[in-house]
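Since the structure comes first, as structure tokens, the remarks are kept for the end.
Just so it is clear, none of the values below were taken in a lab; they were calculated from the coordinates. These numbers were taken from a predicted model, which means no experiment stands behind them. Ideal geometry is used to build each Cβ from the backbone, glycine not excepted, and the neighbour counts take in all protein chains shown.
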Amino acid sequence: VFRLPRGDYASFPGNMALAAAIEGGADKQLAVEQGKLMAQDMRALHINTNFAPVVDINTNPFNPVINVRAFSDDKNTVARLAENMVAGMKQQGLITAYKHFPGHGSTSTDSHTG
């Protein structure tokens, strides 16, 4: 989830789209570069901490909560891309914290409403 106004700041694909691009043959450094660019925008606004990326594994394809916020349904892909994105953010001096919602990777109900 990227909350900065799209017209004023760079727009990025969701984590699942990023993973699909890399798994489909895009440059493996794409997650690092995306992390750098996201961090540059945040640092320009004097934001020094990002509670991201999401590191849940999307084990339920009908999940209404995590869904495309997850990199993948594969734990190794999630770990690799999260580490790469964080590496890019840290290169720009951003503090990061992996975001995890216990149980949300396999839920079929949105915990915000159900």
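Taking θ = phi - 60°, what integer Hz values does the Karplus form 6.51 cos²θ - 1.76 cosθ + 1.60 yield along segment 38-51, in sequence order, with x for Gly and Pro?
4, 5, 4, 4, 5, 5, 4, 9, 6, 8, 10, 9, 10, 7
Packing-wise, with mean Cβ within 10 Å as the measure, how do 60-69, 91-100 rank, highest first?
On the way: 60-69: 16.4, 91-100: 14.7.
With the highest mean Cβ count within 10 Å placed first, the list reads 60-69, 91-100.
Return the long-range amide H neighbours of V54 (sequence gap of 5 or more, or a different chain), with a cut-off of under 5 Å between placed amide H atoms.
Counting only residues 5 or more places away or on other chains, the set is K99.
Which whole-Hz ³J(HN,Hα) couplings does segment 88-96 yield from phi under the Karplus relation 6.51 cos²θ - 1.76 cosθ + 1.60, θ = phi - 60°, glycine and proline marked x?
Calculated HN-Hα couplings, in order: x, 5, 5, 4, 9, x, 8, 7, 10 Hz.
Enter the mean projected area of the convex hull around the alpha-carbon atoms of the chain, in nm², rounded to one decimal. Before the final figure, lay out the partial values.
On the way: hull surface 28.9 nm².
For the chain, averaging the hull's shadow over all directions gives 7.2 nm².
With a point put 7 Å past each Cα toward its Cβ, work out how far A97 is from N60 in nm, to one decimal.
Label at A97, label at N60, 2.5 nm between them.
Please give the contour-minus-distance gain from Q29 to A10: 0.36 nm per residue of separation, less the Cα-Cα distance, rounded to one decimal in nm.
5.1 nm
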